[in-house]
1. Which distance in nm do the two modelled labels at Asp93 and Lys303 give, with both placed 7 Å along the Cα-to-Cβ direction?
2. Which of the aspartates and glutamates could a cross-linker span from Lys364 if the Cα-Cα distance has to be under 16 Å and same-chain partners fewer than 8 positions apart are dropped?
3. What list of ³J(HN,Hα) values in whole Hz, one per residue of segment 293-303 in order, does the Karplus curve 6.51 cos²θ - 1.76 cosθ + 1.60 (θ = phi - 60°) give from phi, with Gly and Pro shown as x?
4. How high is the relative contact order of segment 264-392, in percent, counting Cα pairs under 8 Å that sit 6 or more residues apart?
5. For each of Trp359, Trp10, Trp531, count neighbouring Cβ atoms within 10 Å of the residue's Cβ, then give the residues from fewest to most.
6. Say each of Tyr12 and Glu186 gets a label point 7 Å from the Cα, pointing the same way as Cα to Cβ; how far apart are those two points in nm?
7. From Cα pairs below 8 angstrom and at least 6 apart in sequence, can you work out the relative contact order of the chain, rounded to a whole percent?
8. On a 18 Å Cα-Cα criterion, which of the cross-link pairs Lys293/Lys489; Lys285/Lys537; Lys4/Lys71 come out too long?
Amino acid sequence: MLAKLKKLLWQYSNGTTGRGRSSMGILNSTGCSSVWGSTYPFNPYPFPWANHLFQDSASMAMGVFEGHMAKMAEGFKAIRITELELANKYRADEHDDFFTHFNWKQFNDEEFHLCPPVTVVGGDGALYDIGFQNLSRAMMSGKPLKIVVLDTQVYSNTGGQACTSGFFGQVSDMAPFGKARPGKQEVRKEIGLIGMAHRTTYVMQSTIAYPHHMIEGFIEGLNSRRPALFNCYTSCQPEHGIGDDMGHQQAKLAVESRAYPLFRYDPDQGKTPQECFTLEGNPAKEELWPSYKLQYLEGGQHKHMELPLTFADFAMTESRFRKHFRLAPPDTWHDNMVALADYLDLSEQGRQGKYPFIWSLDSKQQLSRLLVSPSMITSSEDRRDFWIMLKALAGVEEKTESPVEVEQRIRQDVVSKIASRLMEMARGESSGEQGTAALDITKAETEAAVTPPSDADYLAPWLDTEDCTACGECIDINPSMFAYNDEEKAYIQDPNAGPYSDLVKAAERCTAQVIHPGLPRTRKEKDMEQWIKRAEKFNH
């Protein structure tokens with residue numbers, strides 16, 4: 001036993017590399033992540049790394065995992081036996097058979113989390129298509145492999161051919177644009193839903209534009225004793241036709257336009273889809289499309305419009321979709337032109353004689369209209385309908401309020417407003433200034449404030465708007481709950497526009513620490529006591 005322990009110590013502290021135990025191992029599908037990512041002498045993989053045939057990474061990972069975990073089991077077995085010997089509790093008739101067959105499925109949580117993960121990395125060609133059968137087998141095996149899909153919507157490494165992860169209408173090699181075939185004519189394969197259908201696998205779909213969602217998903221998936229599938233939106237700058245520095249911006253647009261919704265699925269959370277599946281992190285979850293502010297010039301004056309952000313608004317920014325748009329000069333505008341979001345709501349009969357368009361800006365920041373092709377209409381409908389399906393899985397319903405809820409919301413808004421003003425007045429008095437911010441509280445507001453809320457422990461949330469640094473974290477979490485004023489300072493516009501957990505997360509991520517979640521009126525939200533505990537330090 002001493003010899004085994006000494007060897008184990010050597011493996012962890014020194015080993016064959018002189019750097020001790022590796023933090024993970026990668027099985028990489030041949031592609032951009034290997035050809036571009038590991039070109040000598042620059043290698044971003046400081047741990048064991050291997051690849052084989054393009055489609056084999058998931059299958060190779062299954063074999064490597066078993067060998068890797070057998071070695072981990074030998075180490076843990078040595079430690080367990082030593083602990084029993086030191087306590088004089090080793091019983092041959094009880095323990096010999098157990099340790100003979102001891103394997104990774106019998107690891108306790110502490111042991112499992114000490115095991116470096118075996119990770120699969122590949123593109124959509126290797127894992128969506130050519131290697132999909134290998135991926136499916138790996139997920140069904142139940143082995144806790146961690147699989148990262150770099151979803152570029154094209155076969156990037158071999159010239160940008162069309163693949164099943166691409167969007168309807170996109171133009172690429174083998175999906176050209178012309179009269180006979182205007183781009184790709186298949187809707188996107190949703191590997192996230194396919195992963196969920198296996199019922200064995202933690203699934204996350206995310207992007208670098210929402211790092212908190214992505215990193216939280218990575219942590220949950222890595223800690224899960226299940227296979228984990230991480231599907232990540234990955235811009236391919238030459239094939240998408242965007243600037244080299246635009247990956248983050250395009251990933252953000254992809255989420256906001258419903259092209260690439262964020263979601264997570266954890267089978268350990270329950271038996272129903274609503275328990276296991278969440279759309280947390282998506283903007284305007286209750287709406288079909290989020291809205292955005294389009295600022296433009298008209299007659300030398302700055303103006304703006306609030307518009308729905310559809311899939312076509314995202315597609316217009318990338319050259320792979322450009323052929324589906326045609327500029328309509330202002331002198332051609334007429335009443336039969338209909339904004340695309342409104343056009344999509346029309347019946348087939350109502351669409352007759354109508355011309356759908358999206359708003360854009362010309363080089364002088366003046367409004368222009370872009371007419372959209374039938375393919376772009378189909379693609380927008382597909383993304384809208386997929387979003388509707390996801391909302392149904394997550395149990396997200398259109399937001400409606402009863403008269404009682406309206407009354408409670410108004411009262412909560414008033415109390416929140418008064419609390420914020422009182423805080424401003426207190427700060428003004430403490431600095432020797434007159435607290436004028438609280439002088440315009442009306443009689444109605446005062447009466448509402450002294451009316452006890454339905455829950456005696458309720459504390460309205462508040463935000464120190466004047467100290468906001470406009471980091472945007474709260475807006476990213478819930479743009480219906482938080483908004484910017486004319487001075488680009490955040491405030492709470494509707495505390496009821498999301499769960500209490502959104503207030504807590506916003507407080508945790510706020511770089512200026514100016515968000516105070518208060519206490520919830522009701523305690524029905526899942527894990528509510530944990531959220532209240534996390535909120536404590538922000539309510540002082």
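We did not get these values from a lab; they are worked out from the coordinates using the rules stated. From a predicted model like this one, the values you see are computed outputs, not experimental measurements. Reconstructed Cβ throughout: ideal geometry from the backbone, glycine too, with neighbour counts over all protein chains shown.
1. 9.2
2. Glu298
3. Ordered by residue, 3J(HN,Hα) equals 9, 9, 9, 8, 10, 9, x, x, 9, 7, 9 Hz.
4. Values: 149 pairs, mean separation 29.7, N = 129.
About 23 percent, as a whole number.
5. Numbers: Trp359 16, Trp10 12, Trp531 20.
If I rank by nearby Cβ atoms, fewest first, I get Trp10, Trp359, Trp531.
6. Those two pseudo-labels are separated by 4.9 nm.
7. On the way: 868 pairs, mean separation 45.5, N = 540.
About 8 percent, as a whole number.
8. Numbers: Lys293/Lys489 16 Å; Lys285/Lys537 28 Å; Lys4/Lys71 12 Å.
From the list (Lys293/Lys489; Lys285/Lys537; Lys4/Lys71), the Cα-Cα distance tops 18 Å for Lys285/Lys537.
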